[in-house]
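Before any comments, here is the structure.
The values are calculated or read from the model by the stated rules, or taken from the named source; none is laboratory data. In this text, all values refer to a predicted model and were calculated from it rather than measured experimentally. All Cβ positions, glycine included, derive from the backbone under ideal geometry; neighbour counts span all protein chains shown.
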Amino acid sequence: MRSRMPYRLANSATESSRKDLGMGTTRGFGVDVGGSGIKGCLVDVQAGALDGERLRIPTPQPSTPDAVADVIAEIVDKFDWHGPVGVTLPCVVTGGTARTAANVDKGWIGTDAAALFAERLGRSRDEVLVLNDADAAGLAEMRYGAGVGRSGTVVLLTFGTGIGSAVFLDGKLVPNTELGHLEVDGHDAETRAAASVKDELDLSWEEWAARVTRYIRALEDLIWPDLIIAGGGVSKKAHKWLPLLDVRTEVVPATLKNDAGIVGAAIAVHERFVVD
Ligand code: BGC
């Protein structure tokens, strides 16, 4: 997704400091910032899996940039990790700056998140990569999960507090698509069909699946995907609702489940540091 950036080591860098930077190793670090929790873990970027137990801290309320940055620093410190860090935000992110804030504090809009996290983590700006949460999950699913070997137009949808989307064409990400905000029947789709709405309104699986069907039908008429990957926490219970969907497109559950965002964030920043 990003061009490979050769990383120059200081002449004095030893093999162990090289490893600490996450270079020449298969380890990376990802943090996934969600509406209710901030999760981080070491990641085996070659296996596409968490390397050990992840740490989850409730998202501070209000979820201001400073408060979230403090939690991210706390998580990274707990792992004693000194290499590059990938961070997801539930926002449109361009060039490290958050542009929207549908389900987080509005203070994120216009915040240079990459600079903020770099400062808090004591790293250079290049050692921190910030991307949209659904895009990160999609990268992980395409590389290691339900999207492996799938070409054409693949859409990952994350059903959680909101609805996130990641669109891939022949495996290449089209970032910041925000298809969760399609207007369907006069409503912002995520306010009708996110997993949080199921909980808030105490909907049955059938009732909620009918809303998801309506949403996916609107989406598939606009971009005609070859495959939809259903992600987000609710994908753990895919057997309860995927069979209830009545849509044209093949829909499969995400396989990395809750870890996809962390894994995708770690992959994204790790690849920036591949030494050519
Ligand atoms: C945001 C997206 C985000 C999604 C999932 C939406 O409300 O606009 O940027 O990916 O929620 O968190």
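What the table shows:
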read-out	value
Checking HIS187 against (1) within 16 Å of the ligand (Cβ to nearest atom); (2) buried (at least 16 other Cβ atoms within 10 Å of the Cβ), the condition it does not meet	(2)
Qualifying residues in region 42-101 (those that are small (Gly, Ala, Ser) and part of a helix (DSSP H, G or I)) - the one surrounded by the fewest Cβ atoms within 10 Å (Cβ to Cβ)	ALA67
Condition check for ALA114: part of a helix (DSSP H, G or I), buried (at least 20 other Cβ atoms within 10 Å of the Cβ) and outside the structural domain of PRO58 (by TED's automatic domain parsing)	no
Any pair with Cβ under 9 angstrom, 6 or more apart, that starts in region 174-191 at a residue that is within 17 Å of THR161 (Cα to Cα) and ends at one that is more than 11 Å from the ligand (Cβ to nearest atom) and in a loop (DSSP other than H, G, I, E, B)	ASP188/LEU182; ALA189/LEU182; GLU190/LEU182
Region 205-225 - residue that is in contact with a Lys or Arg (Cβ under 7 Å, 6 or more places away or on another chain) and among the charged types (D, E, K, R) and, of those, surrounded by the most Cβ atoms within 10 Å (Cβ to Cβ)	ARG211
Helices (runs of 4 or more DSSP H) fully within region 161-276 counting 3 or more residues that are small (Gly, Ala, Ser)	205-223, 260-272
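This table checks each residue for (1) touching a Pro at 6+ places or on another chain (Cβ under 8 Å); (2) under 17 Å from ALA238 (Cα atoms).
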| residue | (1), (2) |
| --- | --- |
| ASP133 | yes, no |
| TYR144 | no, no |
| GLY149 | no, no |
| VAL154 | yes, no |
| PHE159 | no, yes |
| PHE168 | no, no |
| THR177 | no, no |
| GLY180 | no, no |
| ALA189 | no, no |
